[in-house]
1. Which numbered condition trips up Tyr60, out of (1) aromatic (Phe, Trp, Tyr); (2) out of contact with any Pro (no Cβ under 8 Å at 6 or more places or on another chain); (3) open to solvent by 30 Å² or more (accessible area, probe 1.4 Å)?
2. Is there any pair linking a residue in the range 7-20 that is surrounded by fewer than 24 Cβ atoms within 10 Å (Cβ to Cβ) to one that is hydroxyl-bearing (Ser, Thr, Tyr), with Cβ under 6 Å and at least six apart or on different chains, and which?
3. One residue is enough: does the range 65-74 have a residue meeting the conditions in contact with a Pro (Cβ under 6 Å, 6 or more places away or on another chain) and in a helix (DSSP H, G or I)?
4. Out of the range 81-109, which residues are among the aliphatic types (A, V, I, L, M), surrounded by 17 or more Cβ atoms within 10 Å (Cβ to Cβ) and farther than 16 Å from Asn30 by Cβ?
5. Go through the range 10-63 residue by residue and tally those that are in a helix (DSSP H, G or I) and within 26 Å of Ala164 (Cβ to Cβ).
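The values are calculated or read from the model by the stated rules, or taken from the named source; none is laboratory data. Fair warning: this is a prediction, and the values are worked out from it, not measured in the lab. Don't worry about glycine lacking a Cβ; one is built from the backbone with ideal geometry, like all the others, and counts go over all protein chains shown. What goes into the accessible areas is simple: the full protein's heavy atoms, side chains included, and nothing from ligands, DNA or RNA. Shrake-Rupley method; radii C 1.70, N 1.55, O 1.52, S 1.80 Å.
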Amino acid sequence: MSEKMKREISLTVLFAAFMFLQFTVLALGNHAGEGYLSTERRELVYYALQVFVILGFLAYAFLERIFSRKKYFLIVSLALLTAGSVILFFADKATPFYLIATLASMPCLGYLGGAVYHRMSIETAAGENTARSMGIGCAAAIAIQFLLQIQWGIMPLLPAAMLAAIGLLAYFLLQGTAENQPGAQKTAEKTGPRRLLFSCLIAAAFLLLTGFYNGYIQH
């Protein structure tokens with residue numbers, strides 16, 4: 001197997017892991033407030049969750065620009081999201097504690113999303129075929145999440161799959177990007193505007209996609 005194919009597979013797995021994690025965490029978060037909040041207030045909670053995810057994206061954009069040791073923020077986000085996911089699986093949904101844990105998990109999810117989208121835009125600008133990786137990865141994430149959560153209900157396989165997704169995110173995000181590969185730095189330096197364009201298009205397209213999927217199909 002060539003190095004290019006290995007890199008495409010790794011990008012596909014990275015994107016599938018994040019999309020699966022995002023769909024699942026957002027779906028679990030939709031149960032926040034059950035049993036003690038009115039329908040109207042639960043709607044407000046739903047929109048608040050989306051705002052918290054967006055704040056996580058913005059936090060990544062801000063911190064990525066001003067701090068050199070970005071890996072520490074990724075590790076903290078992964079650890080907090082892992083803890084929040086455990087709570088979402090095992091805590092009583094009809095309690096304020098579940099709501100607080102949900103709200104606390106969303107910025108971490110958004111921060112990791114910012115890291116993933118940034119990684120994909122860097123790889124695209126450096127010449128990698130990320131369109132195929134993102135398409136296959138997203139399709140695989142939706143299929144797995146549908147089977148494990150919507151079709152079969154919450155089973156032991158779902159938390160195990162979530163932990164595996166978090167582990168894959170940690171592994172791939174803490175690795176080097178295509179810019180670090182021999183001969184790629186010069187190409188990446190010439191494509192700053194192109195990278196910005198891809199970043200905007202990727203973020204906009206997948207925010208729309210996940211908003212539709214989560215809001216209309218699940219919510």
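1. It fails just one condition, (3).
2. From residues that are surrounded by fewer than 24 Cβ atoms within 10 Å (Cβ to Cβ), the pairs are Glu8/Ser133; Thr12/Ser133.
3. Within the range 65-74, not a single residue is in contact with a Pro (Cβ under 6 Å, 6 or more places away or on another chain) and in a helix (DSSP H, G or I).
4. Leu81
5. Residues that pass the stated criteria total 28.
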